[in-house]
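Peer 1: Take a look at the following structure, please.
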Amino acid sequence: MLIGLTSSGPHTNGYSLIRKIFADIPLDTIFPEVDVPLADVLLEPHRSYLSTLYSLLPHIKALAHLTGGGFIENIPRVLPENLDAEIHLGSWPIPSLWNLIQQKGNVYTNEMYRVFNMGIGMVAVADKSYAVEIQECIPEPTFIIGELIEGDQKVVLV
């Protein structure tokens, strides 16, 4: 199973595209979707997952940090050659920042998942029998965002 942990914002994802989309918009602009100045939501510090996941590492098969390259480029790095990661769209709440970026930049959905973390900053790969236990041990909301299926080391968005 693929367990998603939330991101604190863009982390290191897509700042070139973000700068292009918001180039003519003052950073003190407050969009109703995000309810804080644009600078604050875009420059939220990158969070560390170490303290959250360290004690669970014996039960985790792999970790994919969703940095530059989003879902499409980062998750395949931890997959064996014969498996795909099937991501179940809609299985976690996408923060409104991503909808704002997509609308303002007219960015296709597949490109959003290739460039950005879409609110998931870390993906833990765990055996199905441990997934719920792992989730219960993490003191924050987590989401089963997908599973591994037969394939050839790709991410499949469904």
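Peer 1: Would you confirm whether or not segment 25-36 contains a residue that is at pLDDT 90 or above, outside any loop (DSSP other than H, G, I, E, B) and either surrounded by 16 or more Cβ atoms within 10 Å (Cβ to Cβ) or acidic (Asp, Glu) (or both)?
Peer 2: no
Peer 1: Going by what's in this entry, would residue 116 be described as within 17 Å of residue 1 (Cβ to Cβ) and within 10 Å of the chain's Cα centre (by Cα)? Step through it out loud before you land on a result.
Peer 2: Working: within 17 Å of residue 1 (Cβ to Cβ): no; within 10 Å of the chain's Cα centre (by Cα): yes.
Considered against the rule, which asks whether it is within 17 Å of residue 1 (Cβ to Cβ) and within 10 Å of the chain's Cα centre (by Cα), residue 116 comes out as no.
Peer 1: Any residue that is under 27 Å from residue 153 (Cβ atoms), within 12 Å of the chain's Cα centre (by Cα) and of a type in the set (S, T, N, Q) - is there at least one of those in segment 15-26?
Peer 2: No, because not a single residue in segment 15-26 is under 27 Å from residue 153 (Cβ atoms), within 12 Å of the chain's Cα centre (by Cα) and of a type in the set (S, T, N, Q).
Peer 1: Of all residues being in contact (Cβ under 8 Å) with a residue 12 or more places away in the chain and polar (S, T, N, Q) in segment 1-25, which is nearest to residue 107 (Cα to Cα)? Just the residue, please.
Peer 2: Among those residues, the one meeting the criterion is 13.
Peer 1: Has segment 142-151 got any residue that is in contact (Cβ under 8 Å) with a residue 40 or more places away in the chain and over 19 Å from residue 88 (Cβ atoms)?
Peer 2: Checking segment 142-151: not a single residue is in contact (Cβ under 8 Å) with a residue 40 or more places away in the chain and over 19 Å from residue 88 (Cβ atoms).
Peer 1: Is it true that residue 92 is aromatic (Phe, Trp, Tyr), surrounded by 15 or more Cβ atoms within 10 Å (Cβ to Cβ) and in contact (Cβ under 8 Å) with a residue 40 or more places away in the chain?
Peer 2: Criteria met by residue 92.
Peer 1: If you don't mind, there's one more thing I want to ask. Pick from segment 50-82 the residues that are polar (S, T, N, Q) and in a helix (DSSP H, G or I): which of them is farthest from residue 15 (Cα to Cα)?
Peer 2: Result: 55.
Peer 1: Counting only residues that are touching a Leu at 6+ places or on another chain (Cβ under 6 Å), of a type in the set (A, V, I, L, M) and within 26 Å of residue 42 (Cβ to Cβ), how many does segment 55-88 have?
Peer 2: Result for segment 55-88: 1.
The values are calculated or read from the model by the stated rules, or taken from the named source; none is laboratory data. Small disclaimer: the values here were computed from a predicted structure and weren't measured. All Cβ positions, glycine included, derive from the backbone under ideal geometry; neighbour counts span all protein chains shown.
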